[in-house]
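I have placed the structure first, in the form of structure tokens, so that the comments after it can refer back to it.
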2 protein chains.
Amino acid sequence: MFQKLIRVKDALRIIKKEVGEASLGEEEVEVKEARGRVLSEDVRSNVNIPPFNRSAVDGYAVRSEDVFSASEKSPEVLRVIGAAYAGVEFDGYVKPGEAVYITTGAKIPDGADSVVMVEYTKHLGEDKVIVYKGTRPYENVSRVGEDVKEGDVIYRKGEIIRSFDLGVLASIGVCKVKVRKRLKVSVITTGNELVEPCEGQIEGDKIFDTNRLILKNLLEEVGCEVLDIGIVPDDEGLLIKAIKKGLRLSNATLISGGNSLGKYDLTPRAIKNVGKPGVIFHGIAMQPGKPFLFASIGGKPIFGMPGFPVSNIIAFLELVRPSLFHMMGLRGEFVENEVEAVLTRRVPSKVGIASAVRVSIYKRDGIYYADVIRRGGAGVLSSVGKADGYFIVPEDKEGYEAGEVVRVKLFSNFVKGVR
Amino acid sequence: MFQKLIRVKDALRIIKKEVGEASLGEEEVEVKEARGRVLSEDVRSNVNIPPFNRSAVDGYAVRSEDVFSASEKSPEVLRVIGAAYAGVEFDGYVKPGEAVYITTGAKIPDGADSVVMVEYTKHLGEDKVIVYKGTRPYENVSRVGEDVKEGDVIYRKGEIIRSFDLGVLASIGVCKVKVRKRLKVSVITTGNELVEPCEGQIEGDKIFDTNRLILKNLLEEVGCEVLDIGIVPDDEGLLIKAIKKGLRLSNATLISGGNSLGKYDLTPRAIKNVGKPGVIFHGIAMQPGKPFLFASIGGKPIFGMPGFPVSNIIAFLELVRPSLFHMMGLRGEFVENEVEAVLTRRVPSKVGIASAVRVSIYKRDGIYYADVIRRGGAGVLSSVGKADGYFIVPEDKEGYEAGEVVRVKLFSNFVKGVR
């Protein structure tokens, strides 16, 4: 059918070579609003951490010269002149022979240089403490800048900001960060048979346009901004107009449908009439997902998504998502959420083409098992509804036997488990 | 220090037994807005899929009785009376001796009962087609309801709705779903030393309240609604008031700080004065995270989070998150995003207490390596900023040697990789 089917691995290499990192520009956002955004520059600490010498234990702040020789047998007695708590500093000065009660995290009072742990002391009456152990200077003290020095690089350009990074940023005195603008992706679906989901009735041979709804949500999930261009009828002129809009207003364009090899397959034709170089490859050696098309015009990628919903999803996860991450210029490597699972039955597969096999997962005695979803056609959307994930049978394998272990890529962190 | 340290596993068992599933109530939402929500009832299909008999291939819709004996050597010739495309049905009737050109997904015209693939036909002039292969009834036809029957249960109560489930729901004619209301969680931090992050200046021994910012974001990430009660000074009366507010207005309450065993440790005392049964355990056998406290009042849980930011994060991930998932009544099992990695150096650990060891990850020759973050104190928030995740040294292990393989729980799907 397709002139030449390209392996997924090669397809990804070709795409990444063609598109490169997108020029996204940057914007400044409040740290509180920055979760999930991508840093556009390195972040340095504005402060020392700790910002002052602070106690690492509960005990008494002392002058080490007063107690350096103290021991169980020959303790020292000091006069307690006050107390220091986290947030309530002692603002006097510790003179020879004096001590200050101190809790973890509290500022070391001026004059003192170390803390003797409360376990090695005994409070005596109103204002005396017996010290049974000596200290060296800075013992049990976290020194200013010990953890982080002002000016240290804490985050690198291209890192995604995680929930607790907001706390780290605030703690290093950073309240606004420069982040990349979100990657903007246009979504178009083509087909006379398509009707906006849940708007109006499905009549005759019309069907709901589920692909656009799915793609929009998958894109949002990876942090993209979506430009919804809508449903375009099977009309070359209108499709050309829609593609031009996508190219003009966004960094990448997804077109669902119109690229299998039937009578109404006009996506490749429309792309050809929009610009150069146009279609780079059409057809990948993976099922579902085979009709996937990749084109590029003026340095911007166009991903031709298969019309069958399952193909659409698998092609997105295997080809589009890594390409978008590449365009975002993310630092580091994406790690799939996978589990190893034992196949409960044989899975035959055609050699020469990879297969994405949908499975449901359950656990018994600490071992994951993968049940192949039998109703597996690319058009059967309900098969992904029931699936916890999928595994890939590589191009060169005839399949797997029951009992073999496969690596299942999970759709989410929850496996449905109970049967 | 603490009377009795409880193992994480036992702690979780105790919590789950005490709190059970929360009574969240339900609400109806549009499918388009339903990503990430939890179904509060089973979902059944409102339609048959396919909704009509449709072609599974490109070819000619025929009456099987006309062609059942057709072969390469003895083909049949039929009269082509029209065409049917996906979205453009043929509205005539196929009479004996007639055929209709048909594409994949198109409705089978009345009168026809099967489709002969285009590969086994030859178009002859204007309106004739030669058929070289016979068909049986329904051959190459996806029959109405074959994939999904009206009334079939497609999703179960307690499942989380994923991106592509929106498409599945729309395709089965479901436009609104009943979902559980979000779990509402109150967040309180206590401490005289705390200042709202990025508001005003840090002076003297004040520090930014990073824990609340982190907890709020971690809670949102797992789908909770957050009630931010704010910073409460070290005052028992005010803390009691804040706890009562949390109990009244939310399903669970998190209090950060005030639960280590220093002078100002008033969380347990305040809880005792609010209600019964109060504190169930205080102190877990894990570092960082040791001061974690669990209490319950009137069937609602109170989680006492450690004040040190790293302890706070680890205690959230190991104890609070699974407890909240339990309260949400999620169907299935949570799977951590983990990778196996080779330790680059020895990690000693105290027996009797589990350790959560922060690491950064990199990949070389297809193998992940885990570098322990050296600055590892529970107070050193920057250590999690640099970390890709952590692994647990169990209570009964003295640690790991360099070269041993550990299972690292990833903080996100990106590992920073490049060094």
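The values are calculated or read from the model by the stated rules, or taken from the named source; none is laboratory data. Everything quoted here is computed from the prediction, not taken from an experiment. In this analysis, Cβ positions are derived from the backbone assuming ideal geometry, glycine residues included, and neighbour counts consider all displayed protein chains.
Annotations
- Some residue of the range B:44-62 being over 24 Å from B:Ser142 (Cβ atoms) and either crowded, with 16+ Cβ neighbours inside 10 Å or in the same structural domain as B:Ile161 (by TED's automatic domain parsing) (or both): no
- Any hit, the range B:93-116, residues being free of Cβ contacts under 8 Å to residues at least 40 places away in the same chain and among the hydrophobic types (A, V, I, L, M, F, W, C): yes
- Among residues of the range B:84-116, those that are surrounded by fewer than 21 Cβ atoms within 10 Å (Cβ to Cβ), out of contact with any Pro (no Cβ under 9 Å at 6 or more places or on another chain), modelled with pLDDT of 95 or more and part of a strand (DSSP E or B), counted: 1
- Scanning the range A:59-104 for residues that are on the phi > 0 side of the Ramachandran plot and either more than 14 Å from chain B (Cβ to nearest Cβ) or of a type in the set (Asp, Glu) (or both) turns up just one, A:Gly97.
- Residues in the range B:393-419 that are at pLDDT below 95, on the phi > 0 side of the Ramachandran plot and more than 13 Å from chain A (Cβ to nearest Cβ): B:Gly399 alone.
- Failed criterion for A:Tyr390 (all others in (1) in contact with an Asp or Glu (Cβ under 9 Å, 6 or more places away or on another chain); (2) surrounded by 17 or more Cβ atoms within 10 Å (Cβ to Cβ) hold): (1)
- The range B:253-275, residues that are in a loop (DSSP other than H, G, I, E, B), at pLDDT 90 or above and surrounded by 18 or more Cβ atoms within 10 Å (Cβ to Cβ): B:Val274
Listed here are the residues, each with its yes/no results for (1) of a type in the set (Asp, Glu); (2) surrounded by 24 or more Cβ atoms within 10 Å (Cβ to Cβ); (3) outside any helix (DSSP H, G or I).
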| site | (1), (2), (3) |
| --- | --- |
| B:Asn192 | no, no, yes |
| B:Arg212 | no, yes, no |
| B:Lys216 | no, no, no |
| B:Ile229 | no, no, yes |
| B:Leu238 | no, no, no |
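- Some residue of the range B:323-344 being surrounded by fewer than 19 Cβ atoms within 10 Å (Cβ to Cβ), more than 28 Å from the chain's Cα centre (by Cα) and at pLDDT 90 or above: yes
- Among the residues of the range B:17-60, just one is outside any loop (DSSP other than H, G, I, E, B), closer than 20 Å to A:Phe414 by Cα and in contact with an Asp or Glu (Cβ under 6 Å, 6 or more places away or on another chain), namely B:Leu39.
- Being closer than 30 Å to A:Thr210 by Cβ, buried (at least 22 other Cβ atoms within 10 Å of the Cβ), in contact (Cβ under 8 Å) with a residue 40 or more places away in the chain and more than 8 Å from every other protein chain (Cβ to nearest Cβ) holds for only one residue in B:Val185, B:Val177, and it is B:Val177.
- Pairs, first touching a residue at least 60 places away in the same chain (Cβ under 8 Å) in the range A:345-361, second among the hydroxyl-bearing types (Ser, Thr, Tyr), C-beta under 7 Å, six or more apart: A:Ser355/A:Ser349; A:Ala356/A:Tyr390
- Restricting the search to strands (runs of 3 or more DSSP E) fully inside the range A:280-397 and requiring at least 1 residues that are within 24 Å of A:Leu24 (Cα to Cα) gives A:293-297, A:300-305.
- Selection status of B:Arg136, in a loop (DSSP other than H, G, I, E, B), closer than 27 Å to B:Gly329 by Cα and more than 10 Å from every other protein chain (Cβ to nearest Cβ): no
- In summary, B:Ala354 fulfils each of the numbered conditions (1) in contact with a strand residue (DSSP E or B) (Cβ under 8 Å, 6 or more places away or on another chain); (2) farther than 18 Å from B:Leu12 by Cβ; (3) away from every other protein chain (no Cβ under 13 Å) with the single exception of condition (2).
- When B:Lys241, B:Lys245, B:Lys300 are checked against the criterion of being of a type in the set (D, E, K, R) and either within 14 Å of another protein chain (Cβ to nearest Cβ) or within 28 Å of the chain's Cα centre (by Cα) (or both), a single residue qualifies: B:Lys300.
- The requirement of being buried (at least 19 other Cβ atoms within 10 Å of the Cβ), part of a helix (DSSP H, G or I), of a type in the set (Gly, Ala, Ser) and in contact (Cβ under 8 Å) with a residue 60 or more places away in the chain is satisfied by B:Ala11.
- Subset of the range A:311-336 that is more than 9 Å from chain B (Cβ to nearest Cβ) and of a type in the set (Val, Ile, Thr) - its residue that is farthest from B:Ser171 (Cα to Cα): A:Val320
- Selection from the range A:63-83 of residues that are in contact (Cβ under 8 Å) with a residue 12 or more places away in the chain, part of a loop (DSSP other than H, G, I, E, B) and either more than 22 Å from A:Arg143 (Cβ to Cβ) or among the small types (Gly, Ala, Ser) (or both): A:Ser69, A:Ala70, A:Ser71, A:Glu72, A:Pro75
Matching residues to (1) touching a strand residue (DSSP E or B) at 6+ places or on another chain (Cβ under 9 Å); (2) modelled with pLDDT of 90 or more:
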position: B:Ser186; (1), (2): yes, yes
position: B:Gly191; (1), (2): yes, no
position: B:Gln201; (1), (2): yes, no
position: B:Val222; (1), (2): no, yes
position: B:Glu236; (1), (2): no, yes
position: B:Asn251; (1), (2): yes, yes
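- Residue list for the range B:279-317, restricted to those being surrounded by fewer than 23 Cβ atoms within 10 Å (Cβ to Cβ), modelled with pLDDT of 95 or more and not hydrophobic (A, V, I, L, M, F, W, C): B:Ser296, B:Lys300
- Any chance A:Ile214 is facing another protein chain (nearest Cβ under 9 Å) and under 30 Å from A:Glu33 (Cα atoms): yes
- Checking each residue in the range B:139-153 for being crowded, with 20+ Cβ neighbours inside 10 Å and not in a loop (DSSP other than H, G, I, E, B) picks out B:Val141, B:Ser142, B:Val148.
- Extreme residue, farthest from A:Asp209 (Cα to Cα), among residues of the range A:366-392 that are out of contact with any Leu (no Cβ under 9 Å at 6 or more places or on another chain) and at pLDDT 90 or above: A:Ile367
- Scan of the range B:19-43 for residues that are more than 14 Å from every other protein chain (Cβ to nearest Cβ), touching a Leu at 6+ places or on another chain (Cβ under 8 Å) and buried (at least 19 other Cβ atoms within 10 Å of the Cβ), ordered by number: B:Ala22
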